[in-house]
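The next block holds one structure in the form of structure tokens; read it before the comments.
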Amino acid sequence: MRVLAYSIHSQTGELTSEESPTALPGYATSLAISPDGRFLYCTDTTGAAVSGFEINRDHGALAAMTESFVAGTSPVGITVVSLTG
């Protein structure tokens, strides 16, 4: 699976590709963005893991944060919540 970043023109609604696609690990089944919009998390059912990426605020590029971590067997969903409010 690959993630693509686009910008939206505020007046015309036209989409413009911002970056080359980012490949996600394994078989990503679920994506979630943190409430503050800074991070993307994805589940990988083949690796039984969750991977995290930092979202570049200027152009939407993804950068892997750390190694993925084990998340049970075949995780198929993920939710990210704010603990501060």
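Points to keep in mind about this one:
- Of the GluC sites (Glu not before Pro) in segment 12-85, those whose Cβ has at most 15 other Cβ within 10 Å and which sit in DSSP loop: GLU14, GLU18, GLU19, GLU67
- More than 20 angstrom apart: percent of Cα pairs within segment 29-85: 26
- Karplus-derived 3J(HN,Hα), 6.51/-1.76/1.60, for each residue of segment 12-22, Hz, glycine and proline x: 9, x, 5, 8, 10, 5, 9, 9, 6, x, 9
- Taking other C-beta atoms within 10 angstrom as a stand-in for reagent exposure, ILE55, ILE33 fall in the order ILE33, ILE55, fewest first.
Each reported figure results from applying straightforward, stated rules to the coordinates on display, with no laboratory input. Keep in mind the model is a prediction, meaning the values are calculated, not measured. Ideal geometry is used to build each Cβ from the backbone, glycine not excepted, and the neighbour counts take in all protein chains shown.
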